[in-house]
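Scroll down for the structure; my scribbles are underneath it.
Bear in mind these aren't lab numbers, they're just calculated from the coordinates by the rules spelled out. Fair warning: this is a prediction, and the values are worked out from it, not measured in the lab. Every residue, glycine among them, receives a Cβ derived from its backbone with ideal geometry; neighbour counts consider all protein chains shown.
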Amino acid sequence: MTHAHDRTRASDHDRDTTVQRLGDALCDGAIDTTEHERRVERALTATTLADLQSLTADLPASRTARDRAETARRTAEAEADKRAWRDEWGYWAGGAVLMTAIWAFSSLRAGEWKHYWPAIPLAVWAAILISYAIWPARDDD
C-alpha cells in the first residue's frame, strides 16, 4: 500500500537533515564509514521523503543529536537571560529618567533644589538587579 507521504518530493532541507542524522549515527558508532558514505550518496540523490526515511529507519536515537539539541537549548536560554538582564537595566534607566524628571519639575516649581529623593528607590532597585547577578535563580529541571 502506497501512502501520499511516500510520494512527496524531498527538499534540500530534507536531504540535509537526513545527511546530518547519518553523520550523527556515524559519530555514535551505529554505522561505519563505508555504510555512512553509501547512505549519504543515496540521501543526496533521493527524490522522495520515503527514499530518505528508508535511509534512517533502522538507526537508533542519536546521543550526538540529543547532546547538540541540549547545547543549543542551553545557549538559547543563556542568550534569553542576557537579553532579559539588559532589558531590566533599560527599565531601571527609564525609571531613573522619569523619577529624575519628576524631582527636577518639583524642585523648579518650588524654586529650589530639593533633596534628590529618586536616589533611594533607584539604589534599592539597582541592588535587587545586582543581587540577581550575584545569586542567580536556579531552575532544578
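The table below lists the values:
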| item | result |
| --- | --- |
| Backbone HN-Hα couplings from phi across region 111-117 [Karplus 6.51/-1.76/1.60, Hz, Gly and Pro as x] | x, 8, 6, 7, 4, 6, 5 |
| Order of Leu44, Leu52 - criterion: other Cβ atoms within 10 Å of each residue's Cβ, fewest first | Leu44, Leu52 |
| For region 66-141: rounded, prolate or oblate by the Cα gyration tensor [a/c cutoff 1.5] | prolate |
| Matching label, Cα Rg over 2.2 N^0.38 Å computed from the structure shown, candidates [x] 1.11; [y] 0.99; [z] 2.00 | [z] |
| Nonlocal amide H pairs with Ala30, under 5 Å, H built at 1.01 Å | none |
| 3J(HN,Hα) from dihedral phi, region 34-50, Karplus parametrisation 6.51/-1.76/1.60, rounded to Hz, x for glycine, proline | 5, 5, 4, 4, 5, 5, 4, 4, 5, 5, 5, 10, 5, 10, 10, 5, 4 |
| For Thr48, distant residues with modelled amide H under 5 Å away | Ala10 |
| Filtered GluC sites (Glu not before Pro), region 26-118: DSSP coil and at most 11 other beta carbons within 10 Å | Glu112 |
| Ranking of Asp14, Asp87 by count of other Cβ atoms within 10 Å, fewest first | Asp87, Asp14 |
| Relative contact order computed over the chain (Cα-Cα under 8 Å; 6+ residues apart), in percent | 21 |
| Label point at Trp117 placed 7 Å out along Cα→Cβ; residues across region 63-107 whose backbone nitrogen lies under 14 Å | 99-107 |
| Restricting region 18-114 to trypsin sites (Lys or Arg not before Pro) in coil, as DSSP defines it, with at most 13 other Cβ within 10 Å | Lys114 |
| Between region 76-141 and region 18-39, the alpha-carbon center distance in angstrom | 53 |
| Rounded to whole Hz, the Karplus (6.51, -1.76, 1.60) HN-Hα couplings of region 10-15, x for glycine and proline | 7, 9, 4, 4, 4, 5 |
| Ser131-Thr17 FRET efficiency (beta carbon distance; Förster radius 41 Å; 0.05 resolution) | 0.40 |
| Only Lys, Arg (+1) and Asp, Glu (-1) charged, at Cβ; the chain dipole about Cα centre in debye | 640 |
| Computed [θ] at 222 nm, deg cm²/dmol, the chain (DSSP H ≥ 4; -39,500 (n - 2.57); rounded to nearest 500) | -25500 deg cm²/dmol |
| Low-density loop cleavage sites - chymotrypsin sites (Phe, Trp or Tyr not before Pro) in region 52-141, where at most 13 other Cβ are within 10 Å (DSSP) | Trp113, Tyr116 |
